[in-house]
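Nothing in this text is a laboratory measurement; each read-out follows from the coordinates by a stated rule. As the structure is a computational prediction, the values presented were derived from the model and not from experiment. Heads up, the Cβs are rebuilt from the backbone with ideal geometry, glycines too, and the neighbour counts pull from every protein chain shown.
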Amino acid sequence: MSHNLQLNPEGKLKHFLTIDGLDKALLTEILDTAESFAEMSGHHVKKVPLLRGKTIVNLFFENSTRTRTTFELAAKRLSADVISMNIATSATSKGESLLDTIRNLEAMFVDMFVVRHGTSGAAHFIAEHTAPHISVINAGDGRHSHPTQAMLDMFTIRQFKPNFSTLRVAIIGDILHSRVARSQILALNTLGAAEVRVIAPKTLLPAHVETLGVTVCHNLTEGLKDIDVIIMLRLQKERMTSALLPSESEYFKCFGLTPEKLEIAKPDAIVMHPGPINRGVEIDTRVADGPQSVILRQVSNGIAIRMAVMSMAMQTQGAA
Amino acid sequence: MSHNLQLNPEGKLKHFLTIDGLDKALLTEILDTAESFAEMSGHHVKKVPLLRGKTIVNLFFENSTRTRTTFELAAKRLSADVISMNIATSATSKGESLLDTIRNLEAMFVDMFVVRHGTSGAAHFIAEHTAPHISVINAGDGRHSHPTQAMLDMFTIRQFKPNFSTLRVAIIGDILHSRVARSQILALNTLGAAEVRVIAPKTLLPAHVETLGVTVCHNLTEGLKDIDVIIMLRLQKERMTSALLPSESEYFKCFGLTPEKLEIAKPDAIVMHPGPINRGVEIDTRVADGPQSVILRQVSNGIAIRMAVMSMAMQTQGAA
Amino acid sequence: MSHNLQLNPEGKLKHFLTIDGLDKALLTEILDTAESFAEMSGHHVKKVPLLRGKTIVNLFFENSTRTRTTFELAAKRLSADVISMNIATSATSKGESLLDTIRNLEAMFVDMFVVRHGTSGAAHFIAEHTAPHISVINAGDGRHSHPTQAMLDMFTIRQFKPNFSTLRVAIIGDILHSRVARSQILALNTLGAAEVRVIAPKTLLPAHVETLGVTVCHNLTEGLKDIDVIIMLRLQKERMTSALLPSESEYFKCFGLTPEKLEIAKPDAIVMHPGPINRGVEIDTRVADGPQSVILRQVSNGIAIRMAVMSMAMQTQGAA
């Protein structure tokens, strides 16, 4: 799987599949483009005609109302037509292969696939096999990658802490199963963060996690020292039953972010979470709703980032 | 729960949650606004650009294809973007609370929630807790209120009987469980109807129903005398099994509207029903499809009323 | 059931329910209209404002993501508003009759129903009973008819073989259960094909199939001689279990289209399939993806044909 797949010969973004292989200049271009969409005054995100006449297909093999909604809103605000397909309940149930589904949609003159799939590499696979004029955006594939989530996180960080080179960022929780964490680590390192620290019990860390370019800590109290940005991960409840963890309350006691724990970090540290949050499991309600939380800002920024990525990828298709 | 919640400081409609607390002038303004949308010639409801660039979210916690469709059509004819979410099958199933779902949607820069929920007060709750720039329209909450249905009924009545002050209106059927009936009674009294009469078996009437400002009758033949407007309610079949009623055929014999019964009312009485109708249960097919029936006119008027309420509420958001 | 139902008094297309009763001139008009939509350069199907302000309701009583998607795309590219209703899970589950559902949607000022139903004649029934200003498009009814599929097939054939009068066309597979085959046979005969040959085991042919205007063959090797156009039908797997057929592999051996069998037909024969294909059941992968296959072209043409039929039917509604 070549990461260059996502760039056209001029080095412009053609697909957005993973942070891997994208350089600082390109990530910064995404952030700057998103800024132009986010700069709209107050609550009025203006509708722009950039993708009028274009057709975007949401191919969701995994159900995710929240992510699908943000992509749908972003597409509509770019004036594109959107078709949302829940594939679990459609053509493939007639025994049609994924590739045949893709070929058929291509033949209907669609311009972009937004793909969510439970299998790592699904979006890459589609990008490799789809027609040359079609762009693919990865909206989450297995444990592999969730690049738009990582970029909206970078965008949010930059709004509060413009200089990545001095930043110490802690990512806390279930790193092992998290495509979000993988993409965040790559993006933070590419943007030149001073330190990316992962804080988790050993059972929730991948083997050789240090090779990803992170420092490792198994103790939240220690780990939060000198931290500027705290990223909490969602704890999937099913991990509890699989013996990876003792119990919710035990987890919260050790790795839950409480107001007391938060005081250990820098006084102006911001708290992030990709949502949906489990109140009282990985994060205390007072922190989630407190003054240092930027969780809802992340959601808002998700629209701008998706508008940015969609419009950039579509521009490499030639005359719109 | 303050009913003033739905008015902005200038007394303009900001949310539309209940008829309760709205005065005759405001209800009349809604009817007059709807008239401007309904006046479009023949079958061609023209599309107007009033809400272009606005995002309306249909939050349906209770499934209702018919109501959702009318709101979606009304929104599209106002040129808004519409996102329909069936919440039973989405985020809240990941254990997210209602408030977190609302907060997240707010953060996506939506402008209006259309809420349908099985619990009384749900739309109020959302209106109380949502961001100040967002309007909430109640599309039915528990047994409490269904104000757009009541207003489309008032609109339909006014088309045939312009003078409310001389009108005698009978509401027939399951008053006890009907949010529609509650809203109709409030609207009719506010608009100054001469009499609102409820006709039902005792088991299908709320305790102290007279305090709502109605006269009570347990006999259909007696109750239909001098009536100008007959509003039949849908009989929920599940009431049968709950021992509130003997049987469908027994109910039809006593409270079903037949051509013979209809003759007791005034000769120019109109027959209404919020739909979907149970033919042969609460209403005879000959009456439902007969010349005095205005049931389908009610459906048509539902689009105009929803366009009116949506555009009025959105205007209080300031510059569009 | 009168086939004239689909024409207005001037002989223009008002509904599109079946090929039956339409003459060569009208079928050719559909093909020519589709050509104007298909002629858009490259991958950019331009959006046209022909149906702006019109509301099209997809009434799918049978689930079909593929067909629904093509109709939805066609409608959006004509700038119509589209409401998609999966009726199995909606109003009729409240015990509302089909006619009441139709009456209610009519009252909401919709302009067109696209109907898919498991019962033969459903689209006719709706067209007979709907309001005069509404057009009905049959998107497949039981074993009866699938006229837009047949017309996109004719359109595809014409792109490769412009002269129908010299064409020999073979339709291969489960003719008995296929609404597609019925519509194709009618269309090919109306357009003056030299020969329509059906090739199938006796158990998958209707009684007296010759009366449809076809020649019959039970042997694929014999049947493919002199053939210009090969239309494969999808084999419904459920036929296997119903004792109509011995086994998948046996069927493929006798009636599956392999590269070897394909050589029997004319060297420039084209291979068609309405999709979704069962690779290795009715068609070999090398044929499906081979140079003579025009299967994906059919999918593309489906958009243009549906745009053509929708816009033609809507024009008979008077001033748009």
Label the stretch C:178-320 by shape, choosing from rounded, prolate and oblate, from the square roots a ≥ b ≥ c of the eigenvalues of the Cα gyration tensor; if a/c is under 1.5 it is rounded, and otherwise prolate applies when a/b is larger than b/c, oblate when it is not. prolate
Span from the the stretch B:269-301 Cα centroid across to the the stretch A:122-183 one, whole angstrom: 55 Å
With point charges of +1 on the Cβ of Lys and Arg and -1 on the Cβ of Asp and Glu, referenced to the Cα centre of the stretch A:147-299, which listed residue (A:LEU220, A:LEU245, A:SER183) lies farthest in the positive direction of the dipole? A:SER183
³J(HN,Hα) computed for each position of the stretch A:5-13 - Karplus, 6.51 cos²θ - 1.76 cosθ + 1.60, integer Hz, glycine/proline x: 3, 8, 10, 7, x, 7, x, 8, 5
With just the Cα atoms of chain A, tell me how far they stretch along each of the three principal axes, in Å, largest first. 56, 44, 35
Would you mind computing, in nm to one decimal, how far apart the modelled labels at A:GLU260 and B:ASN219 are, each placed 7 Å from Cα along Cα→Cβ? 7.4 nm
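State to the nearest 20 debye the size of the charge dipole of the protein assembly as shown about its Cα centre, where the only charges are +1 on K and R beta carbons and -1 on D and E beta carbons. Intermediate values should be presented prior to the final figure.
On the way: 99 positive and 96 negative charges, 78 e Å.
So the magnitude is around 380 debye.
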Across the stretch C:53-62, in residue order, what do the Karplus-derived ³J(HN,Hα) couplings come to in whole Hz, using 6.51 cos²θ - 1.76 cosθ + 1.60 with θ = phi - 60° and x for Gly and Pro? x, 8, 10, 10, 10, 7, 9, 9, 8, 10
Debye, to nearest 20: dipole size of the stretch C:147-294, +1 on Lys, Arg Cβ, -1 on Asp, Glu Cβ: 240 debye
Show the residues, 5+ positions off or on another chain, whose built amide H is closer than 5 Å to the amide H of C:HIS273. C:MET232
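Set the bar at 32 Å for Cα to Cα. Now go through C:LYS76/C:LYS261; A:LYS46/A:LYS261; A:LYS237/A:LYS261 and name every pair that lies beyond it.
Numbers: C:LYS76/C:LYS261 41 Å; A:LYS46/A:LYS261 40 Å; A:LYS237/A:LYS261 23 Å.
Violating the 32 Å limit, Cα to Cα: C:LYS76/C:LYS261; A:LYS46/A:LYS261.
Kirkwood Rh, Cα Rg: Rg to Rh for the protein assembly as shown? Let's see the in-between values first.
Values: Rg = 30.8 Å, Rh = 30.8 Å.
The Rg/Rh ratio comes out at 1.00.
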Using θ = phi - 60° and the Karplus relation 6.51 cos²θ - 1.76 cosθ + 1.60, list the HN-Hα couplings for the stretch B:301-313 in order, rounded to whole Hz, with x at every Gly or Pro. 5, x, 5, 5, 5, 5, 4, 5, 5, 4, 6, 5, 5
Compute the relative contact order of the stretch A:147-299 as a whole-number percentage, counting only Cα pairs closer than 8 Å that sit 6 or more residues apart in sequence. 24 percent
Comparing A:ARG234, A:ARG158, A:ARG68, which has the greatest mean-square fluctuation in the GNM of chain A with Cα pairs linked when under 10 Å apart? A:ARG158
Among rounded, prolate and oblate, which fits the stretch B:102-194 when a ≥ b ≥ c are the square roots of the eigenvalues of its C-alpha gyration tensor, a/c under 1.5 means rounded, and a/b larger than b/c means prolate? prolate
For the stretch C:158-250: Kirkwood Rh in Å [reciprocal of mean 1/r, alpha carbons]: 13.7 Å
Strictly greater than 18 Å: what percent of every Cα pair in the stretch B:244-320 meets that? 54 percent
Hey, got the dipole for chain B? About the Cα centre, +1 on K and R Cβ, -1 on D and E Cβ, debye to the nearest 20? 480 debye
